[in-house]
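Asks: If you scroll down you'll find the structure; I have some questions about it.
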Amino acid sequence: MKKNYLRVQKIICTLLAILSLVALLTGPVTFKMDGAKDFASDTIENFANAKKPTAMSMAANAAINSGLKDDLVKELPKKVSLSESYLSLYHLVVRYRENQKLKSSDLKLPAKNSLQEFLSELILYLVNSELKLHESELQQITQIYQLSLWVVCFLYILGVALLIFNRHFAWLPILVGSVSAFGFQVFICNYLTKLAQQEVYSKIWFNYSWLSVAGFAVALVLVAFLFYQDWRKWRGKGPKTSELTETEE
């Protein structure tokens, strides 16, 4: 009876660890922009009034002079929203570090007609300009981001392995892994929101999702249970590691 109970306990705890990790890795980070039409209109005006002529400033002037500016702005919705998971952001970071810039496909910008294509190029130009401006700082963050994904996965695997083989402190790597994954999402959302609002537009936000919160909550519940099990063993109220192994044998 005890043997079956321990097996069921291990299975449930392992499934909870997997569920937590999957939720943390697939929980989307969402980019939101309110007043996208006002932002596009102001941006076109700023490019047109730029003192130094560039390809974008000439295109902006052409749009204004030809009367296409209003048509361009009408193409945009009032709000813009994009979502990327922790895992898909990893691939985006890899592409950025390889090319030192982003492409319209990376940002999933629409280009169904010439108007949308112009807006997409405009947005892409702004994004890459800001990335270039903060290149050294972003390089450090992207390196940490890439490393963190592997570290989080390793810690969860280590925690599950300790759990399966009835070792103490199985809760510790799961705790560190979940705090690292969720904490980095909170940090990157706050950092990008602050940077975007200061440098680009005041109505831009980056938010982590309820799925990430749920994954973190599941990890905390699992950690609390495993810690309680260890505490019982240390207090002599629960089966010791050697006894658990003998029971299963």
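The values are calculated or read from the model by the stated rules, or taken from the named source; none is laboratory data. Values in this document were obtained by computation on a predicted structure and should not be read as measured data. All Cβ positions, glycine included, derive from the backbone under ideal geometry; neighbour counts span all protein chains shown.
Asks: Considering only the stretch 200-219, how many residues are under 29 Å from residue 9 (Cα atoms) and in contact with a helix residue (DSSP H, G or I) (Cβ under 7 Å, 6 or more places away or on another chain)?
Replies: Within the stretch 200-219, residues that are under 29 Å from residue 9 (Cα atoms) and in contact with a helix residue (DSSP H, G or I) (Cβ under 7 Å, 6 or more places away or on another chain) number 7.
Asks: Pick out the one residue from 60, 36, 55, 48 that is farther than 18 Å from residue 202 by Cα and at pLDDT below 75. Can you show your working first?
Replies: On the way: 60 fails: at pLDDT below 75; 36 fails: farther than 18 Å from residue 202 by Cα; 48 fails: at pLDDT below 75.
Going through 60, 36, 55, 48 in turn, just one is farther than 18 Å from residue 202 by Cα and at pLDDT below 75: 55.
Asks: Take residue 244 and decide whether it is modelled with pLDDT under 90 and within 15 Å of residue 13 (Cβ to Cβ). I'd like the intermediate steps shown before the answer.
Replies: Working: modelled with pLDDT under 90: yes; within 15 Å of residue 13 (Cβ to Cβ): yes.
It is true that residue 244 is modelled with pLDDT under 90 and within 15 Å of residue 13 (Cβ to Cβ).
Asks: Could you list, in sequence order, the residues of the stretch 152-172 that are within 18 Å of residue 212 (Cα to Cα) and crowded, with 18+ Cβ neighbours inside 10 Å?
Replies: Those that are within 18 Å of residue 212 (Cα to Cα) and crowded, with 18+ Cβ neighbours inside 10 Å: 152, 155, 156.
Asks: Quick one: in the stretch 39-59, of everything that is aliphatic (A, V, I, L, M), outside any loop (DSSP other than H, G, I, E, B) and free of Cβ contacts under 8 Å to residues at least 40 places away in the same chain, which residue is surrounded by the most Cβ atoms within 10 Å (Cβ to Cβ)?
Replies: Filtering the stretch 39-59 down to residues aliphatic (A, V, I, L, M) leaves 40, 44, 48, 50, 55-56, 58-59.
Still in the running and outside any loop (DSSP other than H, G, I, E, B): 40, 44, 48, 55-56, 58-59.
Next, from what is left, pick out any that are free of Cβ contacts under 8 Å to residues at least 40 places away in the same chain: 48, 55, 58.
On the way: 48: 18, 55: 10, 58: 13.
Within the stretch 39-59, the match that is surrounded by the most Cβ atoms within 10 Å (Cβ to Cβ) is 48.
Asks: Would you pick out the residues in the stretch 222-241 that are of a type in the set (S, T, N, Q) and either modelled with pLDDT of 75 or more or farther than 14 Å from residue 3 by Cα (or both)?
Replies: Quick first cut of the stretch 222-241, residues of a type in the set (S, T, N, Q) only: 229, 241.
Once the filter is applied, which keeps residues that are of a type in the set (S, T, N, Q) and either modelled with pLDDT of 75 or more or farther than 14 Å from residue 3 by Cα (or both), the stretch 222-241 yields only 229.
Asks: So, in the stretch 107-127, exactly how many residues are at pLDDT 70 or above and under 19 Å from the mean Cα position of the chain (by Cα)?
Replies: 1
Asks: Which members of the stretch 123-163 meet the condition of being touching a helix residue (DSSP H, G or I) at 6+ places or on another chain (Cβ under 6 Å) and under 18 Å from residue 16 (Cβ atoms)?
Replies: Selection gives 152, 155, 156, 158, 159, 160, 163.
Asks: Out of 52, 69, 74, which single residue is more than 30 Å from residue 147 (Cα to Cα), of a type outside the set (A, V, I, L, M, F, W, C) and under 33 Å from the mean Cα position of the chain (by Cα)?
Replies: Numbers: 52 fails: under 33 Å from the mean Cα position of the chain (by Cα); 69 fails: under 33 Å from the mean Cα position of the chain (by Cα).
Going through 52, 69, 74 in turn, just one is more than 30 Å from residue 147 (Cα to Cα), of a type outside the set (A, V, I, L, M, F, W, C) and under 33 Å from the mean Cα position of the chain (by Cα): 74.
Asks: Would you confirm whether any residue within the stretch 14-33 is farther than 30 Å from residue 153 by Cβ and outside any helix (DSSP H, G or I)? Give the steps one after another, and end with the answer.
Replies: We begin by selecting, within the stretch 14-33, every residue farther than 30 Å from residue 153 by Cβ; these are 33.
Narrowing further to those that are outside any helix (DSSP H, G or I): 33.
Yes - at least one qualifying residue is present in the stretch 14-33.
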